[in-house]
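Comments concern the structure below.
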Amino acid sequence: MAPIPGSGLAKGLAVTLRTMTKKTVTAQYPDVQPELPPRTRGVIALFEENCTVCMLCARECPDWCIYIDSHKETVPAAVPGGRERSRNVLDRFAIDFSLCMYCGICIEVCPFDALFWTPEFEYAETDIHELTHERDKLREWMWTVPAPPALDPGAEEPKEIAAARKTADKLAAEQAAEAERAAEATEAAQAEDAGRPEPPVTPSSGPQEGQS
């Protein structure tokens, strides 16, 4: 059946008329923040505790916009007679967002879940050279990463939460041990002061009673 002449024009005008009758809604940004989808690709955040400096993200990046510096440290043996080990320590992790094309390859290839998408998007700069953000800034964005979807009641705890809890527990244990050592040192000093004999009283060398 041949289309009726002018039917396309009529359909277009109908869409225009429906749109004209709708109320216009203006988003009052920045006073009102937009509601972003949960999978928004805003910026890349770094969870530094999980980074092992494997360099996979930097090697796979199509734009070569990830800069990583590290050094090796020797870890003493855990048991007497054991063998010392060496590990990589992260010195610098920076991303040049003036080059990044937000493909997400670095996040996908990271085997230790150290990189995450965050919906944060307000990081514009007046100078393009300031779009290279270091690991401290990337770590700040880590706290804006949305929570992972809920798991089944019988599922195991997410690795990110377990790693964060392990790091927090280790830090709390170190602080408690340091406070305990400080308290023991204070008690030892007080006990030493209490057991120390008082110095003898030296008689006065001035004129005694009855002497002029």
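The values are calculated or read from the model by the stated rules, or taken from the named source; none is laboratory data. Model, not experiment: these values are computed from the prediction. Cβ coordinates were reconstructed from backbone atoms using ideal geometry, including for glycine residues, and neighbour counts include every protein chain displayed. In case anyone asks, the SASA skips ligands and DNA or RNA and just uses the protein heavy atoms, side chains included. Shrake-Rupley method; radii C 1.70, N 1.55, O 1.52, S 1.80 Å.
The residues listed here are 121, 112; of these, the one that is open to solvent by 70 Å² or more (accessible area, probe 1.4 Å), touching a residue at least 40 places away in the same chain (Cβ under 8 Å) and more than 25 Å from residue 159 (Cα to Cα) is 121.
Condition check ((1) free of Cβ contacts under 8 Å to residues at least 24 places away in the same chain; (2) surrounded by 10 or more Cβ atoms within 10 Å (Cβ to Cβ)) across all residues:
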{"residue": "8", "(1), (2)": "yes, yes"}
{"residue": "23", "(1), (2)": "yes, no"}
{"residue": "34", "(1), (2)": "yes, yes"}
{"residue": "43", "(1), (2)": "no, yes"}
{"residue": "61", "(1), (2)": "no, yes"}
{"residue": "65", "(1), (2)": "no, yes"}
{"residue": "74", "(1), (2)": "yes, no"}
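On the basis of being open to solvent by less than 70 Å² (accessible area, probe 1.4 Å), closer than 26 Å to residue 39 by Cα and more than 13 Å from the chain's Cα centre (by Cα), does residue 132 make the cut? Criteria met by residue 132. Within the stretch 37-66, being farther than 15 Å from residue 139 by Cα and not hydrophobic (A, V, I, L, M, F, W, C) holds for 37, 38, 39, 40, 41, 52, 59, 60, 62, 63. Within the set 189, 177, 162, 194, the sole residue that is open to solvent by 50 Å² or more (accessible area, probe 1.4 Å) and without any contact (Cβ under 8 Å) to a residue 12 or more places away in the chain turns out to be 194.
Which of the following residues is at pLDDT 90 or above and touching a Phe, Trp or Tyr at 6+ places or on another chain (Cβ under 7 Å): 99, 90, 138? First the steps, then the outcome.
On the way: 99 fails: touching a Phe, Trp or Tyr at 6+ places or on another chain (Cβ under 7 Å); 90 fails: touching a Phe, Trp or Tyr at 6+ places or on another chain (Cβ under 7 Å).
Of the residues listed, the single one that is at pLDDT 90 or above and touching a Phe, Trp or Tyr at 6+ places or on another chain (Cβ under 7 Å) is 138.
Criterion applied to 124, 177, 185 was being at pLDDT 85 or above and assigned to a loop (DSSP other than H, G, I, E, B), and the one residue passing it is 124.
Confirm whether residue 112 is of a type in the set (Phe, Trp, Tyr) and either closer than 15 Å to residue 59 by Cα or at pLDDT 95 or above (or both). Judged against the criteria, residue 112 is not a match.
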